[in-house]
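Here is the structure we will look at.
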Amino acid sequence: MEILECELDKTEETLLPLPLIPKIEIKKEEPEKYNPAVKPLFKTSRERYGYLMEHGCTCNDDRIWLTSYKKSKEFKEYETKIRTD
């Protein structure tokens, strides 16, 4: 086998390498995970209802409370107000 030898072109030596750009890490904010064991304190029944509609009922106590709240006068007035608005 024959080995080829060649000279490098002089213009290649004069080229400057591209500058290295440091890698920037972008931190993604992870949403807070829902923990059913830690529930906030509610000022009103309507707040608790909104919370359960957003996160769902995670225990039997929540299901019992929601069932009784839906039968309450406050809930019926609230629902009527929403429908008329």
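Scanning segment 56-71 for residues that are surrounded by 11 or more Cβ atoms within 10 Å (Cβ to Cβ) and more than 20 Å from LEU41 (Cβ to Cβ) returns a single hit, LYS70.
Just to verify a result, which residue in segment 1-46, among those that are under 30 Å from LYS73 (Cβ atoms) and loosely packed, with under 10 Cβ neighbours inside 10 Å, is modelled with the lowest pLDDT? The selected residue is PRO40.
Restricting to segment 56-77, and then to whatever is touching a Lys or Arg at 6+ places or on another chain (Cβ under 9 Å) and assigned to a helix (DSSP H, G or I), can you tell me which residue is modelled with the lowest pLDDT? Going through the qualifying residues, I end up with LYS76.
The values are calculated or read from the model by the stated rules, or taken from the named source; none is laboratory data. What you see is a predicted model; the values in this text were computed from it and never measured. Reconstructed Cβ throughout: ideal geometry from the backbone, glycine too, with neighbour counts over all protein chains shown.
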